[in-house]
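All remarks here apply to the structure that follows.
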Amino acid sequence: MAEVAGLVLGAIPIAIWALEKYAEPFETHQNYYVAIQTLRADLTMQKSQLEITLRNIGLENPSMDELQDCLCAKFPSIHQDLVIIINAMNERASKLLGDLDVDINGKPRWTGDPDRALWEWRRVKRCFASKKNRSLIDDLRKWNQDLRNCLERTEVSAEDDTRQVQALIRGFNPKHCDSIHSCLRSFHRALKSALQCNCPSSHQATIDLDWNLGPLRSQSAFSAGLSYETDPESEHSWRKFHVTPKGSGLVDTKTITTAPAKFKVKSSSSSSLLGMIHRRPHRAHSTIPQPVQGTTRSTRPPSPPAKSIANLCGQVRIQCAPWSINGCLQDPEADKDRQFSHFSLNQHSEEPSLLTRTISLRHLLLNQNRRQAHANLLLSAKQRYAIATSIAWSVLHLSDSPWLGEGWDQDEIKFFVDKDNGGMQLVSQTPSSSYAFHKPTTMGQPISSTARDFNRLIPNKTIFTLGVILIELCLKTPFEELRQTLDNGSSGQAIPVPILDQYDTAIDRIDDVYREAGDSYGNAVQRCIKSSFQGPRSTRQFNIEQFRIQFYNTVVAPVQSTYSMMP
């Protein structure tokens, strides 16, 4: 163990030991005993608090030299002030040791002689004068609080100040974010209204989670899909189509003369919903921006209004080659002054409309470290961080909507695959968020006391799940395997609550994420896992604009910046 003689962590335990020895002869004198035990308890609490604070910056029983080296490396601008505070705490503890006549090296000059005990007790009474006692504890508590506030707040800064992250933050438009959020909620209502069928199995609907730029415009479209059952013994088939929102929530293309530089993301889809995110161009180390032409008014005559689709299930079941769809879905609540009234559906002939297989993000991650895995399913680091960016954006846009419910996890994130030629290949590297319509509901389970305790630890399960997904994509390993790795080195005892097991595993893996992906990505993960956001817990909700902005600044932008820096 490191030498701690010159550090307050070494002085306080000796003082606590001495107080225990002083208490023994006077247990029958209640007032004296209570005074000594109270001071001992206060000192113990302050010692524990200081240990926790130092442990949070990577120090365990440090010597003074180790402490100075660590503070100088982590906090170069204020390390001298921090050392002064800790030295002052050390002087207070040493003064207490002197009052108790205890040797600083830990060998108290205590004897069982009654005369010596009486003499020592006079010193104890002088030492335990109420004002002096209160001053000692107040000083230690104040300095502990200052250290904790300073060190812990600096460990994860309120906002990442790297150049790339700040460029992304400057380009973020909260109004466009709100518009996309409203569009998604409206589209969900329109889908639900058009799926009033009696199919025995639920329909899965997907929307692509590509995050290319652009506000919602009159010509914007995103890709969506719908599953349907052809045979109870086989997997569902899928139809893919493009959706164009219509309504007052669109940006007038007449007012837009140029489009910002575009981040190129590999995708078979020509457009996507989260591709409607407006950002200013910046000089981050991203993939090479592709110039786009200024937006001009279309010279084609306006097309006649599409007919309304009342039964979407029947439309996707039509078996013909080539399959096509042309119509619109109505938002049943469009008359309530909604921004989006209906959604035009069509199929692009150059893209496949019929797909028969999807795999979840969980399944895709299971293939990353297996020798027998399909070669076409292996992801590069660049691809994994692109997926992480897409999912972070999706949480920003889909939270507080039916698309992301309480049960949202890795299984709700889908990838379309093609099984031709005996192999399996991703049709698109853009993930999709899925939602099951007509899914049978289950009776709610009573909330256990353990679950209530967990809710205090993790107030937002969606954000926590995002943190878990970011860890998985960074370490290229599903969480089940990460837990097994840790369990192999533990006592093997089963943990009755899996979600608490996930929390412990995530905390243990944060350091690995920092080493693998760097500070920006690691800070974003830590905020999601520990819910380290500013403001009262009641304000950390996605229906509050300030929290959406904070979530973008401290989670989405750092994750996207990490992707942009990948070669």
Query - Test for Asp519: is it out of contact with any helix residue (DSSP H, G or I) (no Cβ under 8 Å at 6 or more places or on another chain), surrounded by fewer than 21 Cβ atoms within 10 Å (Cβ to Cβ) and either in contact (Cβ under 8 Å) with a residue 40 or more places away in the chain or within 16 Å of Asp409 (Cβ to Cβ) (or both) - result: yes
Report summary line: If we keep only residues of region 319-335 that are at pLDDT 80 or above and closer than 23 Å to Glu229 by Cα, then the residue surrounded by the most Cβ atoms within 10 Å (Cβ to Cβ) is Leu329
Query raised in the report: For region 155-163, does any single residue satisfy the condition of being within 30 Å of Ser564 (Cα to Cα), out of contact with any Leu (no Cβ under 7 Å at 6 or more places or on another chain), at pLDDT 75 or above and assigned to a helix (DSSP H, G or I)?
Result: yes
Report summary line: Screening Arg483, Arg452 for residues that are modelled with pLDDT under 85, loosely packed, with under 14 Cβ neighbours inside 10 Å, in a helix (DSSP H, G or I) and within 21 Å of the chain's Cα centre (by Cα) leaves only Arg452
Query - Pairs, first farther than 10 Å from Leu147 by Cβ and surrounded by 15 or more Cβ atoms within 10 Å (Cβ to Cβ) in region 53-65, second hydroxyl-bearing (Ser, Thr, Tyr) and at pLDDT 70 or above, C-beta under 6 Å, six or more apart - result: none
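Conditions tested, residue by residue: (1) modelled with pLDDT under 90; (2) among the aliphatic types (A, V, I, L, M); (3) under 14 Å from Val468 (Cα atoms).
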| site | (1), (2), (3) |
| --- | --- |
| Asp501 | yes, no, yes |
| Pro536 | yes, no, no |
| Asn543 | yes, no, no |
| Ile549 | no, yes, no |
Requested in this report: Would you point out the residue of region 336-361, among those that are closer than 19 Å to Lys246 by Cα and exposed (fewer than 15 other Cβ atoms within 10 Å of the Cβ), that is modelled with the lowest pLDDT?
Outcome: Asp337
Requested in this report: Could you list, in sequence order, all residues of region 503-517 that are modelled with pLDDT of 90 or more and either among the acidic types (Asp, Glu) or at positive phi (or both)?
Outcome: Asp511, Asp512, Glu516
Query raised in the report: Tell me, which residue of region 401-436 that is touching a Lys or Arg at 6+ places or on another chain (Cβ under 6 Å) and modelled with pLDDT of 80 or more is nearest to Thr465 (Cα to Cα)?
Result: Gln410
**Report entry** Condition broken by Arg384, with the remaining ones in (1) over 34 Å from the mean Cα position of the chain (by Cα); (2) at pLDDT 70 or above; (3) within 30 Å of Ile549 (Cβ to Cβ) satisfied
**Finding:** (1)
Report summary line: Cβ pairs under 7 Å, 6+ apart or interchain, first in region 460-471 and within 16 Å of Phe547 (Cα to Cα), second at pLDDT below 95 and not hydrophobic (A, V, I, L, M, F, W, C), ordered by first then second residue, are Asn460/Ser531; Asn460/Arg540; Lys461/Glu406; Thr462/Ser399; Ile463/Ser531
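The values are calculated or read from the model by the stated rules, or taken from the named source; none is laboratory data. Computed from a prediction, not measured in an experiment: that's the story for all the values here. Every residue, glycine as well, gets a Cβ built from its backbone with ideal geometry; the counts of neighbours run over all protein chains shown.
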